[in-house]
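One structure is given below, encoded as structure tokens.
The values are calculated or read from the model by the stated rules, or taken from the named source; none is laboratory data. Note that the structure is predicted; figures quoted are calculated from it, not measured. Glycine also receives a Cβ, built like all others from the backbone with ideal geometry; neighbour counts cover every protein chain displayed. These area figures cover heavy atoms from the full protein model, side chains too; ligands, DNA and RNA do not enter into them. Shrake-Rupley method; radii C 1.70, N 1.55, O 1.52, S 1.80 Å.
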Amino acid sequence: MTTKRPLLWTLSLAMTLLAPAAGAQQAAPRAETQESDALTDKARQLFEDGVKAAKTGKWDDAHAAFLAAWVLKPHYQIASNLGVASLRVGKPRDAAEYLTLYLREAPATKVQERQRAEASLQEARAQVAAVTVRVAPDGAEVTVDGTSVGRAPLADPVFLDPGRHEVGAKLDGYVPQAQPVAATAGGTEAVVLELKRAPALNAERDGAGRGVLPAPQVSRGGGRTAVLVGGGIATGVGAAAGVLFTVLANNRASEAETLKKPLIAAGPNPCALTIHRQNCVRQSKALDESALYSNVAFWSFVGAGTVGLGTLLYAIVSSPEDRVQVTPMVGINDVGLSVGGAF
């Protein structure tokens, strides 16, 4: 029977095993003592596996174990070890992200541990660029080369490998913006993006302001024709909108179904894992938009049918020279209209 070792003893041992040796070429990650409920049992085992692999210099194995532990329990202590392991396997950008997170969340009382993390962060920072991104308004999605990195305001800088990149931001109802960035190793950049409202929203907000076309002038004698033409156009527009939003609803539903499959395969409650959180948000958003587009499509068709029927009845009732008579008929088993006269 396997006996679980107390977490305090395990992490104390990890601190001894991974203490940096004098004159060593590489510094090993250092574990710290923490409360017994800081890690789940599985994350603790993976953490210990990473410590053992790091002690023997198997940094690829250590990185894989620490990353798996982080997915199960995104704790700042795992971020420290994962940051050092990322640095040793040639991922300085990831190392900078994890070590920055550790320094942001670790207690100030952990003086020596923070000093070691700062030294490793400086080593990683010498190989990547740090970009401070400020976006207005808050809540806008920030992207780097088209990939989402979070929503404004970002807690930490965005770290980029040397080279040309594009930092952008987007938010529903606003015009997306992007700015090119030439990242250099060890460099720092600042990107400020201020999103503007989309023109359609400005026109709606301004009411009779710019973007709203004046109502067409209709001659007194052409009133009937104008109503019939306007009704026909409105019916067509409503039907076209219904078709368009039906297509959009189907597309978003298909996207939600595609995103759902890997989440189901990830096991129960995948959205609790950081690695799946973004896909969960995207899948939920796709479902919401699909439902919204379906409702808009339904009411577009209803509106088109109502306007079309009203236009038809108006055409019949307002026939020139009163040659057409419409009489409602109510019977025991049916209700209808009696249309008579010359057409």
- Query: In segment 234-245, which residue that is open to solvent by 50 Å² or more (accessible area, probe 1.4 Å) and among the β-branched types (V, I, T) is nearest to S294 (Cα to Cα)?
  - Reply: V243
- Positions within segment 225-246 being among the β-branched types (V, I, T) and over 16 Å from L309 (Cβ atoms), in sequence order: T225, V229, V243, T246
- Task: Hey, can you tell me all the residues within segment 239-281 that are among the small types (G, A, S), touching a Ser or Thr at 6+ places or on another chain (Cβ under 8 Å) and modelled with pLDDT of 75 or more?
- Result: A239, A241, G242, A249, A253
- Message: Going by what's in this entry, would K73 be described as basic (K, R), at pLDDT below 90 and open to solvent by 30 Å² or more (accessible area, probe 1.4 Å)?
- Response: yes
- Query: Which is in a loop (DSSP other than H, G, I, E, B), touching a residue at least 24 places away in the same chain (Cβ under 8 Å) and open to solvent by 70 Å² or more (accessible area, probe 1.4 Å), of A155, A185, A108?
  - Reply: A155
- Note on the structure: Only one of A169, A117 is touching a Leu at 6+ places or on another chain (Cβ under 7 Å) and assigned to a helix (DSSP H, G or I), namely A117
- Determine, yes or no, whether G83 is small (G, A, S) and under 28 Å from the mean Cα position of the chain (by Cα). yes
